[in-house]
Amino acid sequence: MSTLEQMYQQVILDHAKRPVGHGLVDLAGSHGHLAGESHQVNPTCGDEVTLRVDVTPEGTVAGVSWEGQGCSISQASVSVMTSLVKGADLAEVARLDGLFHDLMSSRGKGLDDDDAEDALGDATAFTGVSQYPARIKCALLGWAALKDSLARSGALATS
Amino acid sequence: MTTTATVRPDDASATALSTTELAAVRADFPLLERTVRGGKPLVYLDSAATSQKPQVVLDAEVDFYEQRNAAVHRGAHQLAEEATEAFEQARAAVAAFVGADEAEIVWQPGATAAINVVAYAFSNATLGRGGDAAERFRLAPGDEIVVTEAEHHANLVPWQELCARTGAVLRWIPVSDDGRLDLTNLDALVTERTRVLAFGHVSNVTGAVAPVATLVAAARRVGALTVLDACQSVPNMPVDLHELGVDFAAFSGHKMLGPTGVGALYGRRELLEAMPPTVTGGSMVEVVTMESTTYAPPPQRFEAGTQMVAQAVGMGCAAQYLDELGMEGVARHETELAAEMLKIADIPGVRVIGPLGADGAGEEISRLAVVSFVVDGVHAHDVGQVLDDKGIAVRVGHHCAQPLHRRFGVAATARASASVYTTVEEVVAFREALAGVRAFFGAE
């Protein structure tokens, strides 16, 4: 497989075409749920994402919805992330965020840790992206939006 | 100088650069020999962002540091004399290259800095600096500054900021669907209230050449000063600033085969003489007391602090290199490459943002080989990545022109651009690679 094909794995192309969680949903914010929204822009290329998160009183991600425009890497990454964090508690979200950042710093080598790669699931498809320094920020855009929307929801302060 | 390429400007039938001439030019650029992405020959189509440098320019910088390095315009020793001479000869070379007098060329770190010097001179004059001489630069609420929707951020944001500081109002000339300036309402836009008309000579997105004569005439009719962003024109076509009749112009060294870190501000002599300084400090003064300071005449008034001497020497060398190559021939080469690039419009799903032909507003050269485009169903970044995999370097993003992209309803485009060393074969390779992009992503 060429490095280009390593970057554009089929799972990435599929997510870019049929993204999960695409289309903003009204924030719940009732029954003790916490809700937050974040808008992130990559100023060098104009990619952007608006992401909303809904957290249960117990600290579980009940839902993520988003809108955005950008390259297949940035859009697929938000999509994969959305599937990954739905139903996860905040500690797990923080762990996944850390693992994905580690993956993006791996220069194409991956994490060399089966447990970690199992946890990341489809997100390991982005290993090839980490060989291209200019594209890493594309893959991280959605994760930045998730982190910021969680902070804005107040869920991080109460957990 | 190693080039042997010469094109007779009077020979209208001459092709741009012959194959032999082009081969000689390419041999002057060491970087073009390298390979990328696992041994693929480099096809560099990003010269509008920054050009590659010929060996003579690299040598000129090295030679300066090895043989002449010293502080300029001070010191009584021989090295100081030689460094000053090299620095001023470079200024003369750049001035001659763009049809200006030496005293009208101010060294700046780049074109962005150069435009900011003019904008801040207006600001300082408005605060009362520069005395009676600076009256022309004084703004009042209700005054207007006119730019165009096609501007690079470097010729837009400094004017927005100047308006915010002074209460002047920013207006702009819109862009037509074909990427050219829409001058339909020019008389309503450029009025007695207009103090500055700032515009790009050649768009770094659409490649369109602006109708300079029309715009200069409109500004003159109302007594407004013109500021020309000449970054894309100076490297690729003959530019004679006196003939164009603009009041100010800015261009960078690194886009015209010269080093980074250096550019030039052109100002008509009487205007530079009347203009208050912006960056102040050493080297730009006459008499300094604890209470106050008088300033040196231009160009030194606008060159505070230790200058980028080696880079200026490199830029002077680049100007000579282009001059010896012959800018008439370079422009024909550009025109030929533009036509080859524009054939991408025939690829299904590819849309060019900018004029497809030479149907300019009476300009002799109406578009250059700067071609931005979008591919249906594939984001510009992804287009660029697939081209890069074949060794083809293009720019992706908004090219520092977000309003122009917004005008066309796109966030990002991919852009191919040429320079003196670009070949038709490279453009053909680009077209062939581009034709395969939609299939790679399964775009329907």
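Counting only the Cα atoms, region A:74-159 fills a convex hull of 84 Å³ per residue. Lys-Lys pairs in the protein assembly as shown that are eight or more residues apart or on separate chains and whose Cα atoms lie under 19 Å of each other come to 5.
Taking both sides together, the accessible area buried where A meets B is about 1400 Å² for a 1.4 Å probe. When only the Cβ of Lys, Arg, Asp and Glu is charged (+1, +1, -1, -1), the dipole of chain A relative to its Cα centre reaches about 480 debye.
With an 8 Å cut-off on Cα pairs and a minimum separation of 6 or more residues, tell me the relative contact order of region B:62-322 in percent.
Numbers: 530 pairs, mean separation 64.1, N = 261.
About 25 percent, as a whole number.
Per residue, region B:62-322 exposes 38 Å² of solvent-accessible protein surface, assessed with a 1.4 angstrom probe and all protein chains in place. Distance between the pseudo-spin-label points of residue B:59 and residue B:214 (7 Å out from Cα toward the beta carbon): 4.5 nm. Once the convex hull of all Cα atoms in region A:1-69 is built, its volume per residue stands at 115 Å³. P(r) for region B:267-326: what percent of alpha-carbon pairs falls in each 10 Å bin, starting at zero? The percentages, shortest bin first, are 20, 35, 29, 12, 3, 0. Over every Cα atom in region B:180-233, the radius of gyration and the widest Cα-Cα span, Dmax, amount to 11.1, 31 Å. Relative contact order, percent, of chain B when contacts are C-alpha pairs under 8 Å separated by at least 6 residues? Once divided by the residue count of chain B, the mean separation gives 22 percent.
Remark on region A:1-47: accessible area falls by at least 30 square angstrom from chain-alone to full-complex state for A:4, A:8, A:13, A:17, A:45, probe 1.4 angstrom.
Our note on the geometry: Cα centres of region B:119-157 and region B:184-199, 14 Å apart. If you bin all the Cα-Cα distances of region B:238-292 at 5 Å, starting from zero, the percentages per bin are 4, 13, 17, 20, 18, 14, 8, 4, 2, 0.
Per residue, the convex hull spanned by the Cα atoms of region A:29-70 amounts to 58 cubic angstrom.
For region B:142-219, applying the loop criterion from DSSP together with a ceiling of 11 other beta carbons within 10 Å to the GluC sites (Glu not before Pro) yields B:192. Legend: calculated FRET efficiency, residue B:132 to residue B:182, from the Cβ-Cβ distance at R0 = 25 Å, rounded to 0.05, equals 0.05. Residue order by solvent-accessible surface for B:344, A:136 is A:136, B:344, largest first, with ligands and nucleic acids left out and a 1.4 Å probe. Please state, as a whole number in µm²/s, the translational diffusion coefficient that the Stokes-Einstein equation yields for region A:1-151 at 4 °C and 1.567 mPa s, with Rh defined as the Kirkwood radius across alpha carbon pairs. Taking Rh from Cα pairs, D becomes 85 µm²/s. Here region B:334-444 has an Rg and Dmax of 13.6, 43 Å, counting Cα atoms alone. Computed about its Cα centre, the charge dipole of region B:272-428 is approximately 560 debye, with only Lys, Arg, Asp and Glu carrying charge at their Cβ. The fraction of accessible area contributed by carbon and sulfur in chain B is 51 percent, rounded to a whole number (1.4 Å probe; ligands and nucleic acids excluded). In this structure, the amide hydrogen of residue B:139, modeled 1.01 Å from its nitrogen in the peptide plane, lies closer than 5 angstrom to those of B:126, counting only residues at least 5 positions away or on a different chain. Using a Gaussian network model on chain B with a 10 Å cutoff between Cα atoms, which of B:136, B:332, B:37 fluctuates the most? For chain B, modelled as a Gaussian network with Cα springs under 10 Å, the answer is B:37. Put simply, the C-alpha atoms of the protein assembly as shown give a gyration tensor, and the ellipsoid matching it has half-axes of 46, 30, 25 Å, longest first.
Hey, how much of the P(r) for region B:46-160 falls beyond 26 Å, as a percent of Cα pairs? Looking at region B:46-160, the distances longer than 26 Å represent 42 percent of pairs.
Evaluated over the Cα positions of region B:62-322, the convex hull gives a direction-averaged projected area, one quarter of its surface, of 14.0 nm².
For chain A, the per residue solvent-accessible surface stands at 44 Å², with DNA, RNA and ligands left out and a 1.4 Å probe. Eigen-decomposition of the gyration tensor built on the alpha-carbon atoms of region B:282-369 gives equivalent ellipsoid semi-axes of 46, 17, 13 angstrom, largest listed first. For chain B, the percent of C-alpha pairs falling in each 20 Å distance bin, counted from 0 to the bin holding the largest distance, reads 25, 55, 19, 1. Projecting the Cα atoms of B:271, A:72, A:59 onto the charge dipole of the protein assembly as shown (Cβ charges, centred on the Cα centre) puts A:59 farthest toward the positive pole. Between the residues B:79, B:147, B:125, the greatest Cα displacement towards the positive end of the dipole of region B:65-173, with unit charges on the Cβ of Lys, Arg, Asp and Glu, is found for B:125. Apolar share of the accessible surface for region A:3-158: 48 percent from carbon plus sulfur atoms, 1.4 Å probe. In region B:411-443, what residues drop by 20 Å² or more of accessible area when the other protein chains are put back, versus the chain on its own? Use 1.4 Å, and skip ligands and nucleic acids. Checking the loss per residue gives B:411, B:440, B:441. For region B:324-386, the average shadow cast by the Cα convex hull is 5.5 nm², which is a quarter of the hull's surface.
Averaging the Cα positions of each part gives two centres, and for region A:42-92 and region B:320-399 these lie 37 Å apart.
Rounded to the nearest 20, the size of the Cβ-charge dipole of the protein assembly as shown about its Cα centre is 720 debye, with Lys and Arg at +1 and Asp and Glu at -1. Projecting the Cα atoms of B:409, B:194, B:314 onto the charge dipole of chain B (Cβ charges, centred on the Cα centre) puts B:409 farthest toward the positive pole.
The values are calculated or read from the model by the stated rules, or taken from the named source; none is laboratory data. Quick caveat: nothing in here was measured; it's all calculated off a predicted structure. Methodologically, a virtual Cβ is constructed for each residue, glycine included, from the backbone with ideal geometry; neighbour enumeration extends over all protein chains shown. These area figures cover heavy atoms from the full protein model, side chains too; ligands, DNA and RNA do not enter into them. Shrake-Rupley method; radii C 1.70, N 1.55, O 1.52, S 1.80 Å.
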